[in-house]
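Before any comments, here is the structure.
The values are calculated or read from the model by the stated rules, or taken from the named source; none is laboratory data. This is a predicted model, so every value here is computed, not measured. Cβ sites come from the backbone with ideal geometry, for glycine too, and all protein chains shown count toward neighbours. For accessibility, only protein heavy atoms count, side chains too; no ligands or nucleic acids. Shrake-Rupley method; radii C 1.70, N 1.55, O 1.52, S 1.80 Å.
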There are 4 protein chains.
Amino acid sequence: MNATPTPEITKPSVPAPDIIRCAAMDLVVTDLAASRAFYVDVLGLHVTEEDDEAIYLRSFEEFIHHNLVLRKGPVAAVAAFAYRVRTPEDVDRAEAYYRELGCRTERRAGGFQKGFGDSVRVEDPLGFPYEFFYATEHAERLHQRYDLISAGELVRLDHFNQVTPDVPRGRKYLEDLGFRVTEDIQDDQGVTYAAWMQRKGTVHDTALTGGNGPRMHHIAFSTHEKHNIIQICDKLGALRMSDHIERGPGRHGVSNAFYLYITDPDGHRIEIYTQDYWTGDPDNPVITWDVHDNQRRDWWGNPVVPSWYTEASPVLDLDGNVVEVVERTDSSEMEVTIGADGFSYTRVGDDDGTYRGEASKGFKIGTQL
Amino acid sequence: MNATPTPEITKPSVPAPDIIRCAAMDLVVTDLAASRAFYVDVLGLHVTEEDDEAIYLRSFEEFIHHNLVLRKGPVAAVAAFAYRVRTPEDVDRAEAYYRELGCRTERRAGGFQKGFGDSVRVEDPLGFPYEFFYATEHAERLHQRYDLISAGELVRLDHFNQVTPDVPRGRKYLEDLGFRVTEDIQDDQGVTYAAWMQRKGTVHDTALTGGNGPRMHHIAFSTHEKHNIIQICDKLGALRMSDHIERGPGRHGVSNAFYLYITDPDGHRIEIYTQDYWTGDPDNPVITWDVHDNQRRDWWGNPVVPSWYTEASPVLDLDGNVVEVVERTDSSEMEVTIGADGFSYTRVGDDDGTYRGEASKGFKIGTQL
Amino acid sequence: MNATPTPEITKPSVPAPDIIRCAAMDLVVTDLAASRAFYVDVLGLHVTEEDDEAIYLRSFEEFIHHNLVLRKGPVAAVAAFAYRVRTPEDVDRAEAYYRELGCRTERRAGGFQKGFGDSVRVEDPLGFPYEFFYATEHAERLHQRYDLISAGELVRLDHFNQVTPDVPRGRKYLEDLGFRVTEDIQDDQGVTYAAWMQRKGTVHDTALTGGNGPRMHHIAFSTHEKHNIIQICDKLGALRMSDHIERGPGRHGVSNAFYLYITDPDGHRIEIYTQDYWTGDPDNPVITWDVHDNQRRDWWGNPVVPSWYTEASPVLDLDGNVVEVVERTDSSEMEVTIGADGFSYTRVGDDDGTYRGEASKGFKIGTQL
Amino acid sequence: MNATPTPEITKPSVPAPDIIRCAAMDLVVTDLAASRAFYVDVLGLHVTEEDDEAIYLRSFEEFIHHNLVLRKGPVAAVAAFAYRVRTPEDVDRAEAYYRELGCRTERRAGGFQKGFGDSVRVEDPLGFPYEFFYATEHAERLHQRYDLISAGELVRLDHFNQVTPDVPRGRKYLEDLGFRVTEDIQDDQGVTYAAWMQRKGTVHDTALTGGNGPRMHHIAFSTHEKHNIIQICDKLGALRMSDHIERGPGRHGVSNAFYLYITDPDGHRIEIYTQDYWTGDPDNPVITWDVHDNQRRDWWGNPVVPSWYTEASPVLDLDGNVVEVVERTDSSEMEVTIGADGFSYTRVGDDDGTYRGEASKGFKIGTQL
Ligand SMILES: [Ca+2]
Ligand SMILES: [Fe+2]
Ligand SMILES: [Fe+2]
Ligand SMILES: [Fe+2]
Ligand SMILES: [Fe+2]
């Protein structure tokens, strides 16, 4: 791990590709059978295609070939965050854009992922493997296959979440690429701890979480209703897999969505998410949260568990090697909010709602024990 | 606090009263306006009647006069756990029953609570103020007043929960009184940590939680659906009162209900609860949980916060004085499951799911911080 | 069909059996494979046992052997409405009770249904095959098997509904047997059109619907939440079986439950039902609805389809022969509320809400076409 | 009413404005107090501003000034369907676009609706009053005001629905304007009965329903979950206003949304709608439904009531006069599916699911009575 100062990323002169939405993740897993059991048998994602090397999964309402590839490999990591662009020409635009950024790019007419066509993969300025594609085979959209729906059905891919040390730097780069910020977390010193940014009119297609990176924090699927998320917890309990529940369920402050974080057999984090709000207007109001607001990450003040701040998945470069992680030098959200040095409040200026140790309130985390 | 050995409670020779259900709690609060704001404005219970001294509240589907009295007093405490009996004669039976038990009893033809008639109050063998009544004024049952229903509506009083040091002793006494045990928590040494017992065909009308007692652990109201409980959390967040959320929401192992624990302005604990199961058959299978099973109190393995084990409300004797608390001498559930000495497991015999400190799993409680 | 005057049924001098709840229906179906596909594959009931002649099904939260037998036979009909009684001796009591009523009875130590023990079957005074049993094998209660739960899961058997020509006569007989009326439908001439009566503290264990009888109107299973019922409709749509949806979903006026009526491959009617209210208090207020109140059967004023009034399943005598049906002589609910002669109102005395033809309102049923 | 042949609408040479979404309706009502009671007290829309002439309402998650104006006037009608455009310049583009179309336009720098700025209104080629604006005051977005949320909360404006005689003509015009078709209803003769078209990535921002027009068929608001829609029905029942429920609730075939249609005091139709699917990809598959498919408009095969086909609200021209209605000459969906001449099927080629009279099936509509 190193902590090189990172200069601002200059906006290219060529136009950015027109990104429609986060569309698929290419995820390396170490035990394909174990991952299949988790994503297919437990979570109920639908198999479009599979072989000995990879399984192509889609959510209930998806019509493109897949939203998630489980790919067998030696190291659990992310091989690509794939975005769909509006036209075939936007793949060209993406390639030109990242070339001007000085990034390594690779173009494959036949695509990197089965079911997708002409695509470009890049090692982006933050160190993430980003992929852009337009062409895709269409799969059966299952949205009215209520004979197949499960009680905890995942209906859409909602967003990615990426860990990066310098959030403002990453945010500027993504805004240049066409993303719009919807919410962020700051302190009164001007430190940004996280930012959410969107293309498709929801709260985000991806978010940047401040921390040692590049790493993948989580990938999120959405459900129709809140009870679907509760069912996923209930099912993990029934299978005696409740230790796969990391955090939640709860209501986010940021995004207002009802959420749950679980971990797959490799420790990759998946969020289940529902009911954020429309953000597609150009003047959509940006919401900035105070890092000390105890309701920012959980509207109910329930504690963010430490692992949620510290753990994340490595990402791969275009050769398939793990990208070296750069340490965050700005203050850490966990440190300023949890433990002996941190503090949070429920009500600004009200001592009853202010305490050391996030959400401790005497009872929420048993640090006194 | 003292720890006198407590002999078994002998079953009276006279018949027990036929108890229908837990029906009302007479609760002393120190600031009537603050409590009204909490129970009426925040939780949405319905006022049947009120004056400067007391507020009579009922749930959405109730037709008896009230389920909860908020009574102004100097010490936040429970004045009575009131059960409804099947006939007027069952009040006589209750009086005779407790007299034979050697308990202090008081009979009031006009009732102890407005809206209720002829009643008997007793200081029961465990030190709790129990009340038995049949006669009640009927209030408008609001069950089809969907013009009045709130998004987090409390529809029924579901149960009481009492803290007592010797659970088997209390359980035997309540079984003699006609309650039937549905579930309990034990260890392999034969220690009982808690027991749930019912009259009305749900998992419980009251439960005994092992601890220093007599104290009131909580009173529980039920909602129609799970999202109603989520709304209560969301509303507390919106009002910047999230520090009133103590534990949950979650799915209980014991009872299988979806739950939430919140605290009122005096620290009285209220549970919101929905969707347990039918227990009214005479051979309803009793479920015994291992105290080390990490899913027993939360099916998702989320931690029980220490305050939930340690905090509870005092109860009053028939003179209105706080009853002295007797210390539990059996092992403490908190100690055997949380912290350096405690352990829990997700899967019996599987080290991956076994850890020191309940639900710690490296991430669930940040004891490492 | 004949219309013999039917004298009042005299209450026996011997005590009635203590009935706990409606527990199981013995249902004859003509095509076992087709019925299995419907009840198991579509509705998701759980098979406790099956062979070439019969399939034993239970709901998600049940612990007795089954709630429904699908039994292969030549005529689609009900072989028995089975109630569980509190003790083995209550089976004796049931036998003596019906003998004094002059009914044919048959006692079988080994039970009439697999998984049930010593039982008595009777041809009751209304012509229905009633069964009473205490002994039962216990099956795995699936209430926490969230790995098995479906999106439209049926969690309990809730009630039966029986068609009989003379509702007051049947009601008196069932009240003598220990049932308590919770709601009924009458007109201002004193005609009773239907009555609901309970043992287990819900709105009913069985109901009497006025019409040519004895026939079985429906059997009802409950779900946890309303969305589960919507899912059953959605699934029937996905399977292109929407013509199995007869009426609903809707909110009942009577009982306040959210409901749906569907028909099985033989035309047996099943109700799916959730969220009625507690009725177990001895002075539970009886609600009487005016037959002309357009919200009595559907709180939203949606029309009751004619088939719902006219169609029902035959019942069998103890020899397995179809019981002859007696014609209703009192006025017909359908006739007084639907069509040229009927009328309904939404608001008493308000002409805007009063119209010929139930729920027609110009648009609800297209009688003008 | 006249039935002039209507030539195809030629696409202008100037660029179309970039429409973000349907944003607001300007609705004339005849009794402002009665309408306020309906939209505010019953439906719970939030008042941004009001005076003696108009009430400005917004949904729970909205941040622009309003989604609905109730404007006092002599004739219940629609004064404008307002779309928000991406930039101030898009208002110019809209003006130029409609001028080239030969439409009457009116530009107001101060806006036509309070809270909106520079806008253009046009009499569009189909006769509808369309409005385009960018500038708007921001109101408090209530999305986390769970202290204000009702059990049946309307969270977003979802879409408009317009009646026009020649659907393909209108569709072509709206496609030129930048809308994309997501679903339609046709027959095997090539007649189009309705088409749905979107800008914001849901199934529609507006739809064209074939019929005598221009008229406004309905305006639709969305809820978070399905139970919210059920609550609206329940509340209308509690208020004895169930005759305001016209059709549903149900599951649409087209759009897959859960829906309800109600009517306001003037007979304006409002749809409540939730959970359609993402359509924002450029190659989003268009779904064409057969007009004879009985599940196309209700996935459960429940009948479309005749009034739903025949009734609609007039629209106003820029002088505030009611626009004359042109008769549809293509076949009528109601006639080909309901009544003696119509037929529908549940399963293609299966006589059991085919019948005269939509959804009659012997029981669904009692035409036999
Ligand atoms: Ca729900
Ligand atoms: Fe996320
Ligand atoms: Fe409890
Ligand atoms: Fe029923
Ligand atoms: Fe619509």
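Given a cut-off of 16 Å, what percent of all Cα-Cα pairs of the stretch A:23-73 lie beyond it? Don't skip to the end; give the middle numbers.
Details: 369 of 1275 pairs.
The proportion of pairs with Cα distances above 16 Å equals 29 percent.
For the stretch D:173-258, what is the Kirkwood estimate of the hydrodynamic radius, computed as the reciprocal of the mean inverse distance between distinct Cα atoms, to one decimal in Å?
Details: mean 1/r = 0.0662 Å⁻¹.
Across the stretch D:173-258, the inverse of the average 1/r is 15.1 Å.
Which distances, shortest first and in nm, link D:R99 to the matching position in the other copies, using label points set 7 Å out along Cα to C-beta?
4.2, 10.0, 10.1
Relative contact order (percent) for chain D, with alpha-carbon contacts under 8 angstrom and 6 or more residues of separation?
Reported relative contact order: 17 percent.
What figure in square angstrom, to the nearest 10, would you give for the accessible area of B:S307 with a 1.4 Å probe?
B:S307 exposes around 10 Å² with every protein chain in place.
Please state the charge dipole magnitude for the protein assembly as shown, taken about the Cα centre, from unit charges on C-beta atoms (+1 on K and R, -1 on D and E), reported in debye and rounded to the nearest 20. Walk me through the numbers on the way to the answer.
Working: 152 positive and 244 negative charges, 1 e Å.
Rounded to the nearest 20 debye, it is 0 debye.
Across 5 Å bins from 0, what is the distribution of all Cα-Cα pair distances for the stretch D:1-119, in whole percents?
2, 10, 17, 19, 17, 13, 11, 8, 3, 0
How many Cβ atoms of partner chains, on average, are near each residue of B:11-19 if near means within 10 Å of its Cβ? Present the calculation step by step, with values, prior to reporting the outcome.
Details: counts 0, 0, 0, 0, 0, 0, 0, 1, 0.
Per-residue shielding by partner chains comes out at 0.
Could you give the dipole magnitude of the stretch A:253-319 about its Cα centre, charging the beta-carbon of Lys and Arg +1 and that of Asp and Glu -1, in debye to the nearest 20?
On the way: 3 positive and 12 negative charges, 61 e Å.
Charge dipole of the stretch A:253-319: 300 debye, to the nearest 20.
I want the antiparallel fraction of DSSP beta bridges within chain B, as a percent rounded to 5.
Counting only bridges with both partners in chain B, antiparallel ones make up about 70 percent.
Please list, short to long, the whole-number percent of alpha-carbon pairs of the stretch B:201-308 in consecutive 5 angstrom bins beginning at zero.
So the P(r) values, bin by bin, are 2, 11, 20, 24, 22, 13, 6, 2, 1, 0.
Given the options D:Q144, D:Q231, D:Q295, state which has the largest fluctuation in a GNM of chain D using a 10 Å cut-off (strictly under) for Cα springs.
Looking only at D:Q144, D:Q231, D:Q295, the biggest GNM fluctuation is shown by D:Q144.
Put D:D330, C:D158 in order of accessible area, largest first, 1.4 Å probe: what do you get?
Details: D:D330 60, C:D158 10 Å².
Sorted descending by solvent-accessible area, the residues read D:D330, C:D158.
Test of understanding: express the Cα radius of gyration of the stretch D:254-311 as a ratio to 2.2 N^0.38 Å, with N the residue count.
Relative to the rule-of-thumb radius for its length, the stretch D:254-311 sits at 1.34.
Taking every residue in C:279-285, how many Cβ atoms of other protein chains lie within 10 Å of its Cβ, on average?
Values: counts 1, 8, 12, 7, 7, 3, 4.
That average works out to 6.
Kindly give the distances from D:T288 to its copy-mates, label point to label point, with each label point 7 Å from Cα along Cα→Cβ, as nm values to one decimal ordered shortest first.
Listed shortest first, these distances are 5.3, 6.1, 6.9 nm.
Above 19 Å lies some portion of the pair distances; for the stretch A:94-178, what is it as a whole percent of all C-alpha pairs? Could you put the intermediate results ahead of the total?
Working: 1982 of 3570 pairs.
Roughly 56 percent, once rounded to a whole number.
Which residues of the stretch B:123-159 bury at least 40 Å² of accessible area once all protein chains are present, versus their chain alone (1.4 Å probe)?
Residues passing the criterion (a loss of at least 40 Å², heavy atoms only) are B:R141, B:H143, B:Q144, B:Y146, B:D147, B:A151, B:R156.
Report the closest approach of any chain D C-beta to the axis of the D-to-B rotation: residue and distance, in whole angstrom.
Axis-proximal residue of D, distance in whole Å: D:A151, 2.
Whole number in Å², please: accessible area per residue of the protein assembly as shown, 1.4 Å probe, ligands, DNA and RNA not counted.
Working: 45510 Å² over 1476 residues.
Result: 31 Å² of accessible area for each residue.
Taking a label point 7 Å from Cα toward Cβ, how far is C:P88 from its twins in the other copies, in nm, shortest first?
4.0, 8.2, 9.1
As I understand it, the dipole of the stretch B:165-252 uses +1 on the Cβ of Lys and Arg and -1 on the Cβ of Asp and Glu, about the Cα centre. Which of B:V181, B:G237, B:M197 lies farthest toward its positive end?
B:G237
Please compute the average number of Cβ atoms from other chains found within 10 Å of each residue's Cβ in peptide C:248-261.
Numbers: counts 2, 6, 4, 9, 1, 3, 0, 1, 6, 0, 4, 0, 1, 1.
Per residue, the number of nearby Cβ atoms from other chains is 3 on average.
What is the antiparallel percent of DSSP beta bridges lying wholly in the protein assembly as shown, to the nearest 5? Let's see the in-between values first.
Details: 244 of 344 bridges.
Of all bridge pairs located within the protein assembly as shown, approximately 70 percent are antiparallel.
Under a straight-distance cross-link criterion of Cα-Cα below 14 Å, which aspartates and glutamates are reachable from B:K11, leaving out those fewer than 8 residues away in the same chain?
Cross-link targets: B:E100, B:D124, B:E175, B:D176.
What is the interface area between chains A and D, defined as buried accessible area summed over both chains with a 1.4 Å probe, reported in Å² to the nearest 100? Write out the running numbers ahead of the final one.
Details: alone 15120 and 15080 Å², together 26900 Å².
That pair hides around 3300 Å² of surface in total.
Run the dipole for chain C about the Cα centre, Lys and Arg Cβ at +1, Asp and Glu Cβ at -1, nothing else charged, and hand back the magnitude in debye, nearest 20.
Numbers: 38 positive and 61 negative charges, 75 e Å.
Dipole of chain C, to the nearest 20 debye: 360 debye.
Using only the heavy atoms of the protein chains and a 1.4 Å probe, how would D:C233, A:C103 rank by accessible area, largest first? Write down the numbers at each step before the final one.
Details: D:C233 0, A:C103 20 Å².
If we order D:C233, A:C103 from most to least accessible, we get A:C103, D:C233.
Using only alpha carbon positions, build the gyration tensor of the protein assembly as shown, then give the equivalent ellipsoid semi-axes as the square roots of 5 times its eigenvalues, largest first, whole angstrom. Can you show the working numbers first?
Numbers: eigenvalues 518, 373, 187 Å².
Output for the protein assembly as shown: semi-axes of 51, 43, 31 Å.
Over the stretch D:192-319, what is the percentage of antiparallel beta bridges among all DSSP beta bridges, to the nearest 5?
Values: 16 of 20 bridges.
Beta bridges within the stretch D:192-319, antiparallel portion: roughly 80 percent.
Report the one residue of C:V254, C:N212, C:T274 whose Cα lies farthest in the direction of the positive end of the charge dipole of the stretch C:204-352 (charges on C-beta: Lys and Arg +1, Asp and Glu -1; origin at the Cα centre).
Of the listed residues, the answer is C:T274.
Where does chain D land on Rg(C-alpha)/(2.2 N^0.38 Å)?
Details: Rg = 19.9 Å, N = 369, 2.2 N^0.38 = 20.8 Å.
Output field value: 0.96.
Which value in deg cm²/dmol, rounded to the nearest 500, describes the helix-derived mean residue ellipticity at 222 nm for chain D, given -39,500 (n - 2.57) per DSSP H run of n ≥ 4 and division by the residue count?
Values: 6 runs with 51 residues, N = 369.
When only DSSP H runs of four or more count, the value is -4000 deg cm²/dmol.
Leaving out ligands, DNA and RNA, and with a 1.4 Å probe, what % of the accessible surface on the protein assembly as shown is carbon or sulfur? Let's see the in-between values first.
On the way: 21750 of 45510 Å².
Of all accessible area on the protein assembly as shown, carbon and sulfur atoms account for 48 percent.
Say the cut-off is 26 Å between C-alpha atoms; which of B:K235/D:K235; A:K235/C:K72; B:K235/D:K72 go over it?
Details: B:K235/D:K235 21 Å; A:K235/C:K72 35 Å; B:K235/D:K72 35 Å.
Going by Cα-Cα distance, A:K235/C:K72; B:K235/D:K72 fall outside the 26 Å limit.
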